[in-house]
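Read the figures in this text as sums done on the coordinates, not as results from a lab. Given the structure is predicted, the values throughout are model-derived calculations rather than measurements. FYI the Cβ positions are ideal-geometry reconstructions off the backbone, even for glycines, and counts take in every protein chain you see.
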Amino acid sequence: MAEPDTSNWKKTPDGIAIPPPSADDVLYEVRDNVAWITLNRPVVLNALNKNVQRLLMAALDRLEGDDEARVAVLIGAGRAFSAGGDMWAGLYPDDQPAPGGPEVQGRIWGLSKPVIAAVRGHAVGQGCELAGACDLTIASETARFGEIQIRHGFPPPFLITPYLVSMKRAKELLLLGEVVTPDEALRLGMVNRVVADDQLEATAEAVAKKLASLPQSTVRLNKALTNRAYELAGIRDGLAWNQDPEMRAISGQKDAVAEERHRIRQEKGWNEFKQERDRGYSG
């Protein structure tokens, strides 16, 4: 594959070229009753900006109304699922309305059709939450999961992790911001299965085709019933934590450590920011 022309791309202070928004940042294709939704910003590890969120929401809406598609596989192009929120989105100002991460992930939750996350490489920050919001998650042996926003001074926008793992492990993931291997994610309940990297697409396709072959009214009912059990236990209130005035007040407090890290990012670029952010971490 030819290298992209980066001559007109804007750059971080340390010279890293960041691709501009594109209509191809999310791809949608249906094969054998399976919709393949691809996050397509591989140069920046499929970081999520407003354009991606708009296109991803549109793809999910299309899936819901697509009679040919019975199930979807959500995957990232290149070597990562998603590195989370795009911290360089400001290089390309975007004042147009766009759904936030919780809206997009909530759309996956509310879809009548199942969505399978196929994860290789990093699924961190909002990428971790996006994978967690899917009905099933299949991880390759290269996958890495983590709620790393705390290293930036950010809370998790979509509070799905406490519903996937135990309370103690949820606090460990959210308070420490560490990255876990796919085998550990499997043990914790964050993923359904782990496969060799070269088997990721084939495994996701096999699971998707099995779902597509089943009575569809019952597949959709069983997804709705499972969701309903968690909704009766209060998951919607937990996921929508940012609508709670008390939680909003806490999240709005300034933090000197976070502010210093973002000063470094803005003035010195990604590499020095990442070095400062990840001091004391191996992943």
Rounded to the nearest 500, what is the chain's calculated 222 nm mean residue ellipticity when only DSSP H runs of at least 4 contribute -39500 (n - 2.57) each, over all residues? -12500 deg cm²/dmol
Quick one: check the C-alpha center-to-center distance for the range 65-102 versus the range 208-260, whole angstrom. 17 Å
Return a whole-number percent for the relative contact order of the range 88-159, with Cα pairs under 8 Å and 6 or more residues apart as the contact set. 32 percent
With a Förster distance of 25 angstrom and the Cβ-Cβ distance between Gln243 and Asn222, calculated FRET efficiency to the nearest 0.05 equals 0.30
For Lys223, counting only lysines whose alpha-carbon sits under 19 Å away and dropping same-chain residues fewer than eight positions off, the answer is Lys113, Lys209, Lys210
Candidate lysines for bridging to Lys11, where Cα separation is under 23 Å - those fewer than 8 sequence places away on the same chain excluded: Lys50, Lys268, Lys274
At most 15 other Cβ within 10 Å, DSSP loop - trypsin sites (Lys or Arg not before Pro), the range 3-103: Arg79
Linear extension gain, Asp61 paired with Tyr163, 0.36 nm per residue minus alpha-carbon span: 34.2 nm
Would you mind working out the magnitude of the charge dipole of the range 10-277 relative to its Cα centre, with +1 at each Lys and Arg C-beta and -1 at each Asp and Glu C-beta, to the nearest 20 Debye? 260 debye
Karplus-derived 3J(HN,Hα), 6.51/-1.76/1.60, for each residue of the range 48-53, Hz, glycine and proline x: 9, 10, 4, 4, 4, 5
Computed E for Gln253/Arg187 - FRET, C-beta separation, R0 45 angstrom, nearest 0.05: 0.85
Estimated translational D of the range 187-283 in µm²/s (Stokes, Kirkwood radius over Cα pairs; 10 °C; 1.306 mPa s): 85 µm²/s
